[in-house]
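Worksheet for the structure shown next.
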Amino acid sequence: MSVIRDHSYDSFDDLIEMATPIMQEINEEIGESVNLTVVRGSKVKVLAHLESRHNLKYSYVEGQILDIFKGASSKILLAHLPAEHQQFLMETGMAADHRKSLENELGQIKANGYAVTSSEVDENAIGISTPILRSGKYIIGGLSIAGPIFRIKGDKIESYVERLKEAAFDISLMLEDN
């Protein structure tokens with residue numbers, strides 16, 4: 001199985017190179033789709049993607065542009081953006097009546113260090129994502145798992161969150177050592 005790479009942003013080559021082996025390990029361990037995402041302007045871009053080994057899967061496509069306000073892969077990035085950037089995106093990209101609830105959700109995501117969403121992007125799909133941070137505080141990207149709700153539930157969610165947190169931390173360390 002090979003990772004699909006997006007070569008359009010050379011500045012992300014190190015991130016993709018460091019994340020790929022870890023993404024492959026996660027994919028082999030759990031069998032679900034694994035994604036590497038970054039913020040691109042007011043959207044989220046999928047830099048690398050590994051498919052689920054299961055017949056029924058929910059996955060993104062390499063190079064796909066995502067709504068920054070929906071799904072774990074996007075919300076983890078939005079939650080960790082500098083406050084001014086986050087506020088600008090919310091003020092220019094969404095209705096005022098939705099902002100307060102999203103602000104509360106993003107605060108909880110940042111405090112927890114992960115995002116879990118259900119049926120936000122695809123019906124009956126769950127997404128779990130953790131941030132890849134430089135120096136423990138600056139968002140570089142997001143590492144995510146996606147799959148159907150009937151396979152990812154209960155204790156699996158907690159174990160997947162922990163696995164993604166470890167993986168994101170390892171990627172961060174490798175990038176700092178590079």
For Gln64, distant residues with modelled amide H under 5 Å away:
Val46
Take the Cβ-Cβ distance between Ile157 and Asp97 as r, set R0 to 22 Å, and report the resulting FRET efficiency rounded to the nearest 0.05.
0.15
Just list whichever of Lys45/Lys156; Lys43/Lys165; Lys100/Lys137; Lys75/Lys100 have alpha carbons separated by over 21 Å in the model shown.
Lys45/Lys156; Lys43/Lys165; Lys100/Lys137
Pairs of Cα atoms farther than 28 Å apart, the chain, %
16
Could you sort Leu133, Leu102 by their accessible area in this structure, using a 1.4 Å probe and putting the largest first?
Leu133, Leu102
Once every DSSP H run of n ≥ 4 in the chain is given -39500 (n - 2.57) and the sum is divided by its residues, what mean residue ellipticity at 222 nm do you get, rounded to the nearest 500 deg cm²/dmol?
-14500 deg cm²/dmol
How much length, in nm to one decimal, is gained on full extension between Arg40 and Gln87, taken as 0.36 nm per residue of separation minus their Cα-Cα distance?
15.3 nm
What does the convex hull of the alpha-carbon atoms of region 122-178 project to on average, in nm²?
4.2
Report, please, the projected area of region 76-153 averaged over directions, based on the convex hull of its C-alpha atoms, in nm².
5.6
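The values are calculated or read from the model by the stated rules, or taken from the named source; none is laboratory data. All values reported here derive from a predicted model rather than from experimental measurement. Glycine also receives a Cβ, built like all others from the backbone with ideal geometry; neighbour counts cover every protein chain displayed. Quick note on the areas: whole protein, heavy atoms, side chains included, nothing else; ligands and nucleic acids left out. Shrake-Rupley method; radii C 1.70, N 1.55, O 1.52, S 1.80 Å.
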